[in-house]
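Encoded as structure tokens, the structure appears first; notes follow it.
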Amino acid sequence: MSTLRRRPTKPADEAAAVEAPPATAADKASPRQVSTAPERAAALERASAVDADSRARAAGLVVTAPNQRTAPFAGPIPHQGAGFQRITERIFDLPNSNDEYSLLEAALSLGTQDFDSVAQALDRAEDHARRAHRLYVAARLDYERFLADAEVIEAAIRTEAASELQAEKDSGSRTKQITDADVRAKSAALFPDEWRDLAEKKVQAKLAVEHLERFADLWVSRCRSLGGLLASKR
């Protein structure tokens with residue numbers, strides 16, 4: 001095995017280069033230093049047992065991807081306090097949001113003005129208002145998660161579109177500078193079904209969240225109207 005060469009020494013403002021480790025027995029018995037084929041094969045086998053990546057990094061030749069990346073933050077991602085974290089988990093622990101919406105939607109219509117029925121509805125109204133707002137915030141969280149996932153797909157589509165535009169420019173078939181509008185147009189041209197489907201789903205999700213916000217407001221209003229209705233019957 002040939003001797004590893006060191007990279008040129010880094011400037012003074014960078015970290016000093018790490019000295020190469022001393023030669024190991026495997027280094028000394030490299031194939032260039034033995035004469036017979038069996039000896040060369042044995043030397044290669046011994047050399048392969050050495051951690052080549054570690055030796056190369058120590059010699060200043062290889063920097064692995066994790067070492068090249070610089071985290072944009074220091075330390076772990078922050079968390080809520082334990083007590084508030086448990087409250088958050090309870091709020092967003094909504095196994096069947098569709099059933100919850102159906103129940104609250106049906107309860108908005110009383111269907112009778114009987115005193116006892118109004119009194120019972122008023123007794124449940126504030127809890128229903130709480131649940132309606134809980135449904136809204138859960139929908140808002142799901143919407144933000146959806147947008148984050150959609151952004152990954154959009155980024156892949158836009159990258160492909162930008163690559164196509166750059167290829168056109170390199171070939172000379174395109175002369176003007178590539179703009180964001182060009183990338184959007186090319187994205188829609190290359191992936192028409194995916195582009196339209198994703199755009200439609202984003203609008204639907206946004207409007208659904210807006211509707212659920214209004215739904216929660218209606219339950220607050222329902223609390224007041226039931227209170228007034230019950231007072232008029234006394």
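Applying the selection to segment 82-134, what residues are more than 26 Å from Ser225 (Cβ to Cβ), open to solvent by 70 Å² or more (accessible area, probe 1.4 Å) and either in contact with a helix residue (DSSP H, G or I) (Cβ under 6 Å, 6 or more places away or on another chain) or among the basic types (Lys, Arg) (or both)?
Of everything in segment 82-134, those that are more than 26 Å from Ser225 (Cβ to Cβ), open to solvent by 70 Å² or more (accessible area, probe 1.4 Å) and either in contact with a helix residue (DSSP H, G or I) (Cβ under 6 Å, 6 or more places away or on another chain) or among the basic types (Lys, Arg) (or both) turn out to be Arg86, Arg90, Phe92.
Go through segment 161-198 residue by residue and tally those that are part of a helix (DSSP H, G or I), charged (D, E, K, R) and open to solvent by 60 Å² or more (accessible area, probe 1.4 Å).
9
If I go through segment 142-160 residue by residue, how many of them are surrounded by 15 or more Cβ atoms within 10 Å (Cβ to Cβ) and among the hydrophobic types (A, V, I, L, M, F, W, C)?
So the count comes out to 3.
When both residues are 6+ apart or on different chains and their Cβ atoms are under 8 Å apart, which pairs have a first residue that lies in segment 218-234 and is within 20 Å of Arg130 (Cα to Cα) and in a helix (DSSP H, G or I), and a second that is open to solvent by 60 Å² or more (accessible area, probe 1.4 Å) and not hydroxyl-bearing (Ser, Thr, Tyr)?
Trp219/His133; Cys223/Glu126
Enumerate the pairs (first residue in segment 192-216 and farther than 30 Å from His128 by Cα; second residue anywhere and open to solvent by 50 Å² or more (accessible area, probe 1.4 Å)) with beta-carbon separation below 7 Å, excluding pairs fewer than 6 apart on the same chain, so at least 6 apart or on different chains.
Leu198/Ile153
Scan segment 84-94 residue by residue and report those that are under 15 Å from Leu141 (Cβ atoms) and free of Cβ contacts under 8 Å to residues at least 40 places away in the same chain.
Scanning segment 84-94 gives Gln85, Ile87, Thr88, Glu89, Arg90, Asp93.
Tell me which residues, restricted to segment 199-216, are more than 26 Å from the chain's Cα centre (by Cα) and open to solvent by 80 Å² or more (accessible area, probe 1.4 Å).
Hit for segment 199-216 is Arg214, nothing else.
Of everything in segment 102-159, what is closer than 30 Å to Leu198 by Cα and of a type in the set (Phe, Trp, Tyr)? Give them in sequence order.
Tyr136, Tyr143, Phe146 - these are the residues of segment 102-159 that are closer than 30 Å to Leu198 by Cα and of a type in the set (Phe, Trp, Tyr).
Would you confirm whether any residue within segment 141-149 is touching a helix residue (DSSP H, G or I) at 6+ places or on another chain (Cβ under 8 Å) and among the basic types (Lys, Arg)?
No, that holds for no residue.
The values are calculated or read from the model by the stated rules, or taken from the named source; none is laboratory data. Everything numeric here is computed off the predicted structure, so don't read it as measured data. Positions of Cβ are generated from backbone atoms using ideal geometry, with glycine treated the same way; all protein chains shown enter the neighbour counts. When the accessible area is computed, the model is the full protein with side chains, heavy atoms only, and any ligands, DNA or RNA have been set aside. Shrake-Rupley method; radii C 1.70, N 1.55, O 1.52, S 1.80 Å.
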